[in-house]
Amino acid sequence: MSSTGRTYCRLCEAGCGVTVEVDDHGTVQRVRPDRDHPVTKGFACNKGLLATEVHLDPDRVDRPQQRGPDGAFADVGWDDALDDIARRLRSILDQHGPSALAMYFGNPTAFNATAGPAAGAFVLQLGSDRVFTAGSQDCANKFAIGELLWGSSQLHLIPDLERTDHLLLLGTNPRISKGSFLSVPDPVGQLAAIEARGGVVRFVDPRHVEPRIGETFQVRPDTDAYLLAAMLCEIDRSVGFDADGAARVTALDELCTFVGQFPPERVAPVVGLDAATIVRLARDFATAPTASAHLSTGVNMGRQGALAYWLLQMLVLLTGNLDRPGGNVAATRGVAAPPRPRDVTPEAFVDSPWGSYRPTMGGLPGALLGDMIRDTEEPIRALIVLAGNPVLSIGGGEDLAKAFEGLDLLVTIDYYRNATGELADYVLPAADWFEREDLNTFVQGTQPVPYVQWSGPVVAPRGERRAERDILAELATRMGVTPVFGPDIDILAMLYDGSLAEHGLSMAELREREAGVAVLSPTEAGGFLDRCTDDGTVDGAPAMLEPARQRAVELFDELAAEPADQLKLITRRTSHTINSALQNVSRLKEKGAADNPLYLHPADAERLGVGEGDRVRVANRFGAVEAAVRVDGTLRPGVVAMTHGFGNASATGLSVARRFPGVNVNALAPTGAGTFDPVSTMSQLTGIPVEVVPV
Ligand SMILES: Nc1nc2c(c(=O)[nH]1)N[C@H]1C(S)=C(S)[C@@H](COP(=O)(O)OP(=O)(O)OC[C@H]3O[C@@H](n4cnc5c(=O)[nH]c(N)nc54)[C@H](O)[C@@H]3O)O[C@H]1N2
Ligand SMILES: Nc1nc2c(c(=O)[nH]1)N[C@H]1C(S)=C(S)[C@@H](COP(=O)(O)OP(=O)(O)OC[C@H]3O[C@@H](n4cnc5c(=O)[nH]c(N)nc54)[C@H](O)[C@@H]3O)O[C@H]1N2
Ligand code: SF4
Ligand SMILES: [Mo]
């Protein structure tokens, strides 16, 4: 009998409720928006609705694959694969110690409530602290500042979209990406509603991304920290800080001295806005009845994402907008935020041959992964990649791929044999989100309308796909270690029943509910600082950020000294891609994801003597790629853009992606010593200096 199941999409942070039609053979037929979902109410996008194409893709890895001596992959049984991996891992650990093992957790791990805890426990049990995550490409700056200010990487105040009079958005393109750290269905509709009731919406972005809503301030890339500092400086010297907010900041003088180095008139040429505009941005924010601010990956991926995010918190606090209706507010969490175990003193920094850095949530700088594999003293020899594609998603390009080839053991756990899997000894098939149970932990604390949603499997796993937690438990057992989350453990109940009880819920009860959803009561504004800091105040000159403040001074001089015609490469998402994860979906390829062109402003195209479709070489000291030109007037002159996740020419496991390979833009991303943010481990993936020449 055919049936319809209800679940939610796990591709992005909108987390749209969807219904899944299953035929009488147990095969998924169709995904539709769930109109009865109490929060997402039938919102969904093209990508989520095409998730069946990934679920049923003939290129999916349905059995473990092993690479043979000739380089070709062949199916092997689970027992043989796990026995061999366990034996080789054990021998590497015995010979070289636990730090010879590293794990990389990719972005979809965040959308998978049992895989993350299972993988974290696995690597800890084996004694290794070498963990890399996609966080150092997308949001480790926010985690680091959450740890510093509010005692948890997971605590972030979101704009009160329903009530705000003034919303400042930096480095986000909600129409395309649906946003990050702010989980709303139909974000564009929400922004339009702010304008419709007379509110102000402002975008700070090198690209004019939003055609219909708000006003866009086209900054030069990688300069947001100076814009925010200048806004604070201007507010301090003209309208003044909110008295209650100012009373909450200790060492406020030191904060004022720091931002005082970056007045609007000084930063204007570096930021690329005139001083009067920066003054207007600052005063309008400070004098709006209520104002809220949000920054996202366009800023995170610059060189000073942590400092910028911290300055944004200070802007909100010192204008009286922190934890007040219409400002930035705390959102209810259905699952508890991990507490403050993290050291935020200078002692938290570790020295490495590539410079000092502070691991964020225990994660290391992705920009050092290649160096740590190639290291002669204490190299990484075995790497397990869970739901990630570091060969394409972090900097390094061919060099990183070469480093991976030098590993003694590389195992990927994925839906596909992706570009990273192509270099692996084993590729292990993961069950997908139609096939396993889950809880929407990934959006807790970032939802204006808070809810928890549990989903059971909608269908049984196809082929021999397995949930990550089962794969890792089997592997641990075969290595002689009793897994923390063995097969009999209800991971979700064990981890989340405690915090669900605060809402009168439990996993058992949630599993019985219609669509597994429980809408939670919103958090009333007020009391956040007293709850989340030791004494209700924050430090205006935290020691943890001293390296960031110093770096701000140095990088300012560097930016100010750049030649006027220096081209900067920024990141750009499209509606047909999610990082590298949908590269094998032919219907998306047909719709416009056939390759990743170099977007170029008409004035730059003219100056370089190139036009639409011409081939160009994009290069810098880290690498080079070739791409076709797409002329794009939405860019700020001097700014070029490319989409990441492409570069599948040699991914033999992806027959569609291989026909539309595009190029790996991260060949141009800085890696190695001095290229990442020491206070947060963030890689630089935007605002990268490049040269463009016709070929
Ligand atoms: N230049 C540039 N680089 C970027 C960015 C950018 O904007 N510009 N963006 C960055 C961002 S925001 C991120 S988050 C990172 C992403 O970096 P990564 O996470 O390293 O890479 P993804 O491309 O997301 O690859 C995800 C892989 O997980 C697999 N997968 C999907 N779901 C599951 C699952 O449930 N289980 C398992 N086991 N596998 C699964 C997919 O098939 C895919 O192969 O890349 C970053 N890299
Ligand atoms: N369609 C689609 N949706 C996605 C994804 C995807 O790949 N495709 N990826 C998902 C993931 S993993 C994430 S993390 C989220 C990210 O979601 P967001 O953080 O909202 O990221 P983007 O939509 O890429 O918007 C980033 C914006 O920053 C701008 N920008 C670039 N450099 C700078 C800069 O230096 N300063 C400023 N102020 N702006 C800059 C870019 O022009 C772009 O408009 O999206 C998720 N959703
Ligand atoms: S908006 Fe995001 S969560 Fe919603 S259907 Fe699209 S990809 Fe899935
Ligand atoms: Mo991301």
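The values are calculated or read from the model by the stated rules, or taken from the named source; none is laboratory data. Every value quoted in this text rests on a predicted model; they were computed, and no experiment measured them. Ideal geometry is used to build each Cβ from the backbone, glycine not excepted, and the neighbour counts take in all protein chains shown. Surface areas here come from the heavy atoms of the whole protein model, side chains and all, with no ligands, DNA or RNA. Shrake-Rupley method; radii C 1.70, N 1.55, O 1.52, S 1.80 Å.
Give me the Kirkwood hydrodynamic radius of the stretch 506-639, using the inverse of the mean 1/r over all pairs of distinct Cα atoms, in Å to one decimal.
On the way: mean 1/r = 0.0479 Å⁻¹.
Evaluated over the stretch 506-639, this radius sits at 20.9 Å.
When the expected Rg is taken as 2.2 N^0.38 Å, what fraction or multiple of it is the alpha-carbon Rg of the stretch 3-55?
Working: Rg = 10.5 Å, N = 53, 2.2 N^0.38 = 9.9 Å.
Relative to the 2.2 N^0.38 Å estimate, the stretch 3-55 comes out at 1.06.
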Practice item. Could you pull the Rg and Dmax for the stretch 276-365, using just the Cα atoms, both in Å? Key: 16.8, 50
Revision key, fill the gap. Rounded to the nearest Å, the spacing of the alpha-carbon centers of the stretch 98-117 and the stretch 475-525 is 18 Å
Check your understanding: According to the Kirkwood expression over distinct Cα-Cα pairs, how big is the hydrodynamic radius of the chain, in Å?
Key -> 25.7 Å
Review point. Which percent of Cα pairs goes in each bin when the distances of the stretch 477-570 are cut into 10 angstrom slices starting at zero?
Key: 10, 18, 16, 20, 22, 12, 1
Exercise for review: Leaving out ligands and nucleic acids, note down the accessible area per residue over the stretch 225-344 with a 1.4 angstrom probe, in whole Å².
Suggested key: 32 Å²
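How many Å² of accessible area per residue for the stretch 563-694, probe 1.4 Å? Please list the in-between numbers first.
Values: 4870 Å² over 132 residues.
Per-residue value: 37 Å².
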**Study point:** Inter-probe distance in nm under a simple model that places probes 7 Å from Cα toward Cβ, at Ala541 and Thr277
**Key:** 3.3 nm
Check your understanding: What is the local net charge at Met361, summed over the other residues whose Cβ is closer than 11 Å to its Cβ (Lys, Arg +1; Asp, Glu -1)?
Key -> +2
Exercise for review: May I ask for the angle, rounded to the nearest 10°, between helix 115-125 and the longest principal axis of the chain, with both axes built from Cα atoms and the value confined to 0 to 90°?
Suggested key: 80 degrees
Study note, to complete from the structure: Between the Cα axis of helix 491-501 and the main Cα principal axis of the chain, the angle (0 to 90°, nearest 10) is 40 degrees
Study note, to complete from the structure: To the nearest 10 degrees, the tilt of helix 546-560 (Cα long axis) against the first principal axis of the alpha carbons of the chain is 70 degrees
Study note, to complete from the structure: Per 10 angstrom bin, beginning at 0 and ending with the bin that holds the maximum distance, the Cα pairs of the stretch 563-694 fall in percents of 13, 41, 34, 12, 0
Revision key, fill the gap. Short to long, in 10 Å steps from zero, the percent of alpha-carbon pairs of the stretch 356-459 per bin is 13, 34, 29, 20, 5, 0
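For the stretch 251-405, report the translational diffusion coefficient in µm²/s to the nearest whole number, using Stokes-Einstein at 4 °C, 1.567 mPa s, and a Kirkwood Rh over Cα pairs. Please list the in-between numbers first.
On the way: Rh = 19.6 Å.
This corresponds to a translational diffusion coefficient of 66 µm²/s.
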Practice item. Might you tell me the accessible area per residue for the stretch 3-55, computed with a 1.4 Å probe and given in Å²? Key: 39 Å²
**Study point:** √(5λ) per eigenvalue of the Cα gyration tensor, the stretch 439-518, largest first, Å
**Key:** 27, 16, 12
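Could you work out the Rg to Rh ratio of the stretch 97-232, with Rh taken as the Kirkwood radius (inverse of the mean 1/r over all Cα pairs)? Please report the intermediate quantities before stating the final value.
Numbers: Rg = 18.6 Å, Rh = 17.6 Å.
Rounded to two decimals, Rg/Rh equals 1.06.
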Review point. Expressed in whole Å with the largest first, what are the equivalent ellipsoid semi-axes of the stretch 506-561 derived from the C-alpha gyration tensor as the square root of 5 times each eigenvalue?
Key: 44, 20, 11
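Would you mind telling me the share, in percent, of accessible area of the chain contributed by carbon and sulfur at probe 1.4 angstrom?
Numbers: 12340 of 25040 Å².
Ligands and nucleic acids excluded, carbon and sulfur reach 49 percent.
Pairs of alpha-carbon atoms within less than 8 angstrom and 6+ residues apart define the contacts here; what relative contact order does the stretch 537-690 have, in percent?
Contact order relative to length: 29 percent.
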